[in-house]
């Protein structure tokens with residue numbers, strides 16, 4: 001990559017010119033748009049800036065359920081509340097079942113919103 005200030009040939013991926021010290025613009029790896037300042041994501045295509053975490057890794061699929069009785073074959077689908085997996089019964093391999101795994105973060109949120117807050121309100125009202 002050539003420096004626009006002095007023309008020096010620099011190593012690919014350099015942030016500053018090795019000859020004159022001029023900064024190079026950071027460009028999006030997906031669409032080649034120049035990224036402004038300390039942007040973590042490209043304003044054009046939404047790709048994560050190189051070196052920035054794109055997103056949290058997807059949760060790993062369970063291997064089995066019910067102490068190994070049902071072996072997971074694949075993910076059938078997911079929503080905001082749960083993930084549903086296709087599993088095979090290890091005792092009778094002809095049987096297949098769908099098993100739902102509830103999102104624990106959502107479950108905690110529901111417990112806090114619908115159990116703890118009303119309990120606090122009732123406790124405050126009775127004292």
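Output the number of the condition that residue 20 fails; it satisfies all remaining conditions of (1) more than 19 Å from the chain's Cα centre (by Cα); (2) in a loop (DSSP other than H, G, I, E, B); (3) modelled with pLDDT under 80.
For residue 20, the exception is condition (3).
Quick one: count up the residues across the stretch 7-17 that are loosely packed, with under 12 Cβ neighbours inside 10 Å and part of a loop (DSSP other than H, G, I, E, B). Don't jump to the end; show me each part of the working.
Residues of the stretch 7-17 that are loosely packed, with under 12 Cβ neighbours inside 10 Å, as a first pass: 7, 9, 11-13, 15.
From the residues that got through so far, the ones that are part of a loop (DSSP other than H, G, I, E, B) too are 7, 11-13, 15.
Result for the stretch 7-17: 5.
The values are calculated or read from the model by the stated rules, or taken from the named source; none is laboratory data. Remember, predicted model here, so these are calculated numbers, not experimental data. As a convention, Cβ positions derive from the backbone with ideal geometry for all residues, glycine included, and neighbour counts pool all protein chains shown.
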